[in-house]
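The values are calculated or read from the model by the stated rules, or taken from the named source; none is laboratory data. In this text the structure is predicted, and so the values were computed from the model without any measurement. Heads up, the Cβs are rebuilt from the backbone with ideal geometry, glycines too, and the neighbour counts pull from every protein chain shown. Keep in mind that these areas ignore ligands, DNA and RNA; they rest on the heavy atoms of the full protein, side chains included. Shrake-Rupley method; radii C 1.70, N 1.55, O 1.52, S 1.80 Å.
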Amino acid sequence: MQPPPEWEAAAVVDARELPCPQPLLALRRALGKYEAGTLLCVLATDEASWRDFHSFAALSGRSLLRAEQRNNTFLYWLYAGK
């Protein structure tokens, strides 16, 4: 059994103020940049990112570990790698 993620220790991908689909593209670049198993947290302010990240997870088979909104920022946590 894998220990729970350390949410605050995630590598941060700052995609705030980027219009759709740029936050998702920033995630895709980060998935290739970081070592498999690295916890990523993507920050976005585009409201469409909520739909995009959930759809990406469903279509790609990747687990969207956590998604939340804090004030005007959306936060998404995923692991890099397969």
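Sort out which residues of the stretch 1-42 are farther than 21 Å from SER55 by Cα and of a type in the set (A, V, I, L, M, F, W, C), and write them in order of number.
Of everything in the stretch 1-42, those that are farther than 21 Å from SER55 by Cα and of a type in the set (A, V, I, L, M, F, W, C) turn out to be MET1, TRP7, ALA9, ALA10, ALA11, ALA36.
Residue by residue through the stretch 7-44, note down the ones that are under 11 Å from LEU75 (Cβ atoms), in contact with an Asp or Glu (Cβ under 9 Å, 6 or more places away or on another chain) and open to solvent by 30 Å² or more (accessible area, probe 1.4 Å).
ARG16
Quick check on the stretch 64-76: of everything there that is over 13 Å from HIS54 (Cβ atoms) and in contact with a Lys or Arg (Cβ under 8 Å, 6 or more places away or on another chain), which residue is least open to solvent (accessible area, probe 1.4 Å)?
Restricting to residues being over 13 Å from HIS54 (Cβ atoms) and in contact with a Lys or Arg (Cβ under 8 Å, 6 or more places away or on another chain), the top hit is LEU75.
Look at GLU47 and say whether it is at positive phi and modelled with pLDDT of 95 or more.
It is false that GLU47 is at positive phi and modelled with pLDDT of 95 or more.
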